[in-house]
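Trainee: After the structure tokens below, expect a handful of questions from me.
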Amino acid sequence: MRDFKGKIVFVSGGASGAGLGQAKVFGREGMKVAIGDVREDALENARKELIAFGIPEKDILPIKVDLTDRASYTACADKIEEVFGGPPHLFIQTAGVNSFGPVEASTFDDFDWVMGVDLFAVVNGLLIFVPRMIKAYAHKTEFWVATTSSGGAFGAGSTCAPYCASKAGVNNLMYSYAEALKPYGAGATVLCPANINSNIGNAEKFRPANLKNTGYHVSEGTMAHLRSIHAQGIDPVELGEILKEGIENERIIVLPDHHPETWAQQLRGNNEVIESYTLTGAERAEWTRKRDEERRKQMEGLFKDAGEDDGSGKRSLPKGWEVPDGAEAFGHARHDLDWIDPTRK
Ligand code: NAI
């Protein structure tokens, strides 16, 4: 998709962070911009920011929507058609949440909340919007579907399992949609950032009241640690530009904010692990020994500037990930869970 001017974009999670950056970028291209978010106050602030960014007020449509609620998401799609005269030509699902803690400490609420927003709401959006977009635009005009996934899609994370599982699912879904939409003259793009300067570190503050029973240790301090890491992430407008370039070039996967070789190394490594399971037992044991040795060397490189091992066997965090004064390390279990290894609490 190359022609944005005068068309309609809808960005989920558009009241903050990456979504707001995308709304700015595509608004600047002359699109009518609908943004959907569950937080009304954030929507109003985003509306003002978009106006200050130069987007005409008449081209901005903030919509309060809970994407996990199909009736609410359907009403949002209806509203866009009512106000802008049709479904979006560009549909970007960017809303997301995250919470960190050992997977074995997770509760149903942890999975329901994170997978509810990060995976099942994406399914909701695709099922609600794509048929409308095909009916309105197939073979007549360009249209496109995009989702903001994460680098977490490409690997497991034992302290962010619901998130990584969601994002892996989202990527796989988008590969299917990219193929499915081709005959209609459209396509799909999945954006996989590593770190964004956004407000996702505060997500726990807005966790719905009916899903508050977490197995993770969450406090003002753990959120402060997350915020300090995200503050070093890519600027949302810059990320929006990278997504635009990806859509213009019909890229199915967009991998920003890492050196290409870092991504290539990570992705090759993932594939090699999967491939290694085709080896016989002895061959695989030798393969694993060599790989562990390589990884040990790589990790030494990663941690060498991050401070000394204090003798406890625990290494300090990589540069830039240290726990700032007054903050608390995220990713631990709730202290009262008696089956959790003490080092995970
Ligand atoms: P953010 O917190 O700044 O923005 C996310 C928005 O989603 C918020 O405004 C929030 O209110 C909204 N939202 C959450 N639940 C919702 C629901 N049920 N219905 C409607 N809106 C809802 O966070 P950020 O970082 O901009 O997140 C955007 C996307 O980027 C997410 O999908 C996230 O997983 C992804 N991502 C973020 C990274 C980061 O370092 N911040 C790295 C890689 C991917």
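Trainee: Determine, for each peptide in 246-252, 148-154, the mean count of other beta carbons within 10 angstrom over its residues, then list the peptides with the highest first.
Mentor: Averaged packing, sorted descending, gives the order 148-154, 246-252.
Trainee: Measure of size requested: the Rg and Dmax of segment 136-176, with Cα atoms as the atom set and Å as the unit; please supply both.
Mentor: Every Cα atom of segment 136-176 included, Rg and Dmax give 14.1, 46 Å.
Trainee: Using a Gaussian network for the chain with springs between C-alpha atoms less than 10 Å apart, which of these wobbles most: Pro324, Pro87, Pro62?
Mentor: Most flexible of the set in this elastic network: Pro324.
Trainee: Looking at segment 70-168, what % of the alpha carbon pairs are farther apart than 16 Å?
Mentor: That tail contains 60 percent of the Cα-Cα pairs.
Trainee: Within 10 Å, count the other beta carbons around each residue, average over each peptide in 271-281, 209-219, 136-146, 165-175, and list them highest first.
Mentor: Taking the mean over residues of other Cβ atoms within 10 Å, the ranking is 165-175, 136-146, 209-219, 271-281.
Trainee: Obtain the nm distance between the two label points defined at Ala264 and Asn45 by a simple spin-label model: each point lies 7 Å from its Cα along the Cα-to-C-beta direction.
Mentor: 4.1 nm
Trainee: Beyond a 19 Å Cα-Cα separation, which of these cross-linked pairs lie in this structure: Lys7/Lys244; Lys64/Lys140; Lys205/Lys244; Lys48/Lys244?
Mentor: Cα-Cα > 19 Å for Lys64/Lys140; Lys205/Lys244; Lys48/Lys244; rest within.
Trainee: Give me the one-decimal nm value for the distance between modelled label points at Ala71 and Glu238, 7 Å along each residue's Cα-to-Cβ direction.
Mentor: Spacing of the two 7 Å Cα→Cβ label points: 4.4 nm.
Trainee: Mind checking the angle between helix 40-52 and the chain's longest principal axis? C-alpha axes, 0 to 90 degrees, to the nearest 10.
Mentor: 70 degrees
Trainee: What full-extension length gain, to one decimal in nm, is calculated for Ala285 and Tyr184 as 0.36 nm per residue of separation minus the Cα-Cα distance?
Mentor: Residue separation times 0.36 nm, minus the Cα-Cα distance, leaves 31.6 nm.
Trainee: Once you charge only the Cβ atoms, +1 for Lys and Arg and -1 for Asp and Glu, what is the size of the charge dipole of segment 8-259 about its Cα centre, to the nearest 20 debye?
Mentor: That gives a dipole near 340 debye.
Trainee: Return the Rg/Rh value of the chain, two decimal places, where both radii are evaluated on C-alpha atoms and Rh is the Kirkwood radius.
Mentor: Radius of gyration relative to Kirkwood radius: 0.99.
Trainee: Let me ask something else. Which lysines does Lys290 reach when only Cα atoms under 24 Å apart count, and residues fewer than 8 places away in its own chain are ignored?
Mentor: Output for Lys290: Lys304, Lys314.
Trainee: Pick out which of Gln265, Gln232, Gln22 has the largest mean-square fluctuation in a Gaussian network model of the chain, springs linking Cα atoms closer than 10 Å.
Mentor: Among Gln265, Gln232, Gln22, the largest GNM mean-square fluctuation belongs to Gln265.
Trainee: Here's another thing I want to ask about it. Measuring from a point 7 Å past the Cα of Ser158 along Cα-to-C-beta, which residues in segment 256-272 have an amide N at less than 19 Å?
Mentor: Counting backbone N atoms under 19 Å from the label point, the list is 270.
Trainee: Moving on. Using just the helices of the chain, give the 222 nm mean residue ellipticity in deg cm²/dmol: DSSP H runs with n ≥ 4 each add -39,500 (n - 2.57), and the total is spread over all residues, rounded to 500.
Mentor: -14000 deg cm²/dmol
Trainee: Pick from Glu261, Glu57, Glu220: which is most flexible by mean-square fluctuation in a GNM of the chain where alpha carbon atoms under 10 Å apart are linked?
Mentor: Among Glu261, Glu57, Glu220, the largest GNM mean-square fluctuation belongs to Glu261.
Trainee: Tally up the carbon and sulfur contribution to the accessible surface of the chain as a whole percent, 1.4 Å probe, everything protein left in place.
Mentor: Exposed carbon and sulfur together represent 54 percent of the surface.
The values are calculated or read from the model by the stated rules, or taken from the named source; none is laboratory data. A quick note: this is a predicted structure, and the numbers were derived from the prediction, not measured. Counting neighbours? That spans all protein chains shown, and the Cβs are built from the backbone with ideal geometry, glycine included. Only protein heavy atoms, including side chains, enter the accessible area calculation; ligands, DNA and RNA are left aside. Shrake-Rupley method; radii C 1.70, N 1.55, O 1.52, S 1.80 Å.
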